[in-house]
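Only one structure is covered here, and it is reproduced in the block below.
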Amino acid sequence: MKTRTMDEEPKTEDRMLSTAEVASFLGVDRSTTVRLIHSNEIVASRVGAQWRVSKKALDDFIERGSNGDTNPDRLLLLREVERILGVSRKTLLRYIADKKIPACKVGAYWRIRRADVDAFVAAGSK
């Protein structure tokens, strides 16, 4: 087993994220991230008094959705839709403004139904 020296950077998929980093990435409060960890929706490890989430565990959580399925009525974060479509935030916001993809505001944040993303992809619109 090879050990990593202190000057070697971990691979991106091996990187461990703090709850604050996960919360920022998901666009939720840190307490929501901790709740998701406690309910075993996000796999995490305890390091001392802090929780750490691997990049792979976070990617798995995002891929399966917050409720573990591909529910077509689930509202996706813009970050999730950007990843699915392979477009930038600016492009996605332009699609929303041009009404190419339906979206709704939840509080201060845009959300897009999974079914609308799937329909957009099926139509081949980019």
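We did not get these values from a lab; they are worked out from the coordinates using the rules stated. Everything numeric here is computed off the predicted structure, so don't read it as measured data. Heads up, the Cβs are rebuilt from the backbone with ideal geometry, glycines too, and the neighbour counts pull from every protein chain shown.
Based on the Kirkwood radius over alpha-carbon pairs, what is the Stokes-Einstein translational diffusion coefficient of region 13-64 at 25 °C with 0.890 mPa s viscosity, in µm²/s?
On the way: Rh = 10.7 Å.
Here the translational diffusion coefficient equals 230 µm²/s.
Amide H to amide H, with H built 1.01 Å from N, Trp51 comes under 5 Å of Thr19, counting only residues 5 or more places away or on other chains. Estimated from the Cβ-Cβ distance and a Förster radius of 41 angstrom, the FRET efficiency linking Asp73 and Arg94 is about 0.95. Here each label is just a point 7 Å from Cα along the line to Cβ, and for Val28 and Ala49 those points are 2.4 nm apart.
Dividing the alpha-carbon radius of gyration of region 75-123 by the rule-of-thumb value 2.2 N^0.38 Å gives 1.00. Counting other Cβ atoms within 10 Å as a rough exposure proxy, the listed residues Glu63, Glu41 run Glu63, Glu41 from fewest neighbours to most.
When you restrict to C-alpha pairs under 8 Å that are six or more residues apart and normalise by the size of region 13-64, the relative contact order lands at 43 percent. Between Val87 and Tyr109, take the C-beta separation as r, use R0 = 22 Å, and let me know the FRET efficiency to the nearest 0.05. My answer for the efficiency is 0.80.
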